[in-house]
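Below is one structure; the comments refer to it alone.
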Amino acid sequence: MSTCLYSRNAFKSLQIIKQKSNFLSTAVKLKKKPASNPVLISCKRTELNHYLGTHYGKLDEVPLASKGWNHSKSKNDYFTVLPIPDESAETTHSFLELGVNTKIIEAMNEYGIKAATEFQFNANQTIQRGVHTLLAAETGCGKTIAYLLPIIQALLQDNKPRELNSPRVVIVVPNRELAYQIGDTAATLCNPVGLHVKTVVGGKVKKMMLQPTFEEMDILVATPGALGKLSTVGVYKLMEVEKLVLDEADTLIDDSFIERIESLIKRMSQGQLIMVSATLPKKLPDILVPYSETMEEVLSPRLHKPLLNITQKFMRISKTLKPANLLQIVKPSKQPLLVFTNRNQTCKWLAMFLRQNGVPCSNISGDMNYAIRIEQWNQFVRGETKILSATDIGSRGLNTIQINHVLNYDFPFYAADYIHRIGRVGRLGSPDSCKVTNFITSEQEVKLVQQIELSIRKNQPLTNVDGNITNIVQKKILQKIKKEAPSVLPIG
């Protein structure tokens, strides 16, 4: 018996040794990289470092630094995605090659825009053909210029007489800040060639309805609510609109906007539809299905990929330590810093907390009075404060080239929100050495971090990007209700 027991124990020991040997050989295989390959993901546990050029097969298990982050012992772990130089020289095109008016070229040169990117070139060619177009590319790559240039060229080629308050181009955007920003950009390009731009947002709609002004306008930039009301009462006439642009389309076709957008699309159904987004819509609403049959897509190869031109640090910390870590980052900071939170209340509290600790801070959130919100934003833009506390209202479309650091105090729940938030840095014209810092505290946040880390390690786009956040939330609520509701037995 003893000999048999000894043999069995020896066999088990040999199995364990063999398993350990296999594990170690796998680990060495994963770690062994040519010295020339730089580290792409640097981990606190260095054995989990990921090197540029590492490839995994379909059946290979990909090691993740964030794999065990739901365990209490994972607190204070971290990993950093390091920026890599883009060695592939991007093809650029002369604006003269695109037939852009020389006065417009001069206006762009003053802002340091010297040539069109490949994405802008392809967008220009597609829009000029008059087909319905979907432009989808990473944030900060110049999508506004991509659609404005062919639109302005078309307006210049067909300078026919028109009625007052009857725009030929309408650009619809989800919020007031973005409306003014795009309106200013359009005016910069249009003024030198004698075209007129009008920007309309909510806040003074009643006054505009009672005391309307009548003027020439080639391009009308507007938010959905204001445009809907003013066009319904006839202040603005939409029968001659030739091109309708939905900028930040993933937000505009979200369930929270879609009723207003459907009404506007019906009024401008005669025009060419141009949808512009940083994320590719998963599903188009019913009213856009007929357009999709002939719609052409211009997509960036970097679409839905986490940006690799910026440093991204992911910190697994306790929720109670977030305020202390926040102060540690913002107090020594001398550069403009944007802090994101998930809720309006947290946004306001964070700004107050920083002020109480001697750090001047502005804040913007969706429930804030617009006049106050725009003043807070302007304080930050003017440099009167170096810190801006914001909800996701500050993540869509705004040109934030002065910012070099984004801090996700609350990590977002959805991949689309993460893509938009980190797109506030690393933009065309942004400072060098931009970075993002992420505080990770909850199980749901860890789940998204794992998806992001996996996509970077496998060099693949994120697979769970859906801009319709309202629809996602509603589905989760319904699923929760169904799960928690008691089963109903049939009577009889």
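No lab work stands behind these numbers, since they all come straight from the coordinates. Keep in mind it's a predicted model, so treat the numbers as computed, not measured. Note that we place each Cβ from the backbone using ideal geometry, even for glycine, and neighbour counts take in every protein chain shown.
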### Query
So how do 141, 434 line up by other beta-carbon neighbours within 10 Å, fewest first?
141, 434
### Task
Provide the packing ranking of 371-383, 449-461, i.e. peptides ordered by the mean count of other C-beta atoms within 10 Å per residue, highest first.
449-461, 371-383
### Query
Quick one: how many lysine pairs in the stretch 92-299 have C-alpha atoms under 13 angstrom apart, if they're 8 or more apart or on different chains?
4
### Task
Take peptides 205-214, 398-407, 266-275, 219-228 and line them up by average Cβ neighbours within 10 Å, highest first, as a rough protection proxy.
219-228, 398-407, 266-275, 205-214
#### Entry: Label-point gap, in nm, between residue 282 and residue 75 - each point 7 angstrom along Cα→Cβ
3.4
### Task
Please list the non-local residues whose amide H lies under 5 Å from the amide H of residue 202, H modeled 1.01 Å from N, same-chain partners needing a gap of 5 or more.
223, 226
### Query
How much mean residue ellipticity at 222 nm does the chain get from its helices, if each DSSP H run of length 4 or more adds -39500 (n - 2.57) and you divide by all residues, to the nearest 500 deg cm²/dmol?
-11500 deg cm²/dmol
### Task
Based on alpha-carbon positions alone, could you give the equivalent ellipsoid semi-axes of the chain from the gyration tensor, as √(5λ), descending, whole Å?
46, 26, 25
## Note on the structure
The alpha-carbon center of the stretch 275-311 and that of the stretch 180-197 are separated, in whole Å, by 26
### Query
Among rounded, prolate and oblate, which fits the stretch 311-476 when a ≥ b ≥ c are the square roots of the eigenvalues of its C-alpha gyration tensor, a/c under 1.5 means rounded, and a/b larger than b/c means prolate?
rounded
#### Entry: Alpha-carbon spread of the stretch 92-299, three principal axes, descending order, Å
47, 39, 29
### Query
Mind ordering 279-287, 241-249 by average Cβ neighbours within 10 Å, highest first?
241-249, 279-287
### Query
How do 113, 261 rank when sorted from fewest to most other Cβ atoms within 10 Å of their own Cβ?
113, 261
#### Entry: Degrees between helix 2-31 axis and first principal axis of the chain (Cα, 0 to 90, nearest 10)
30
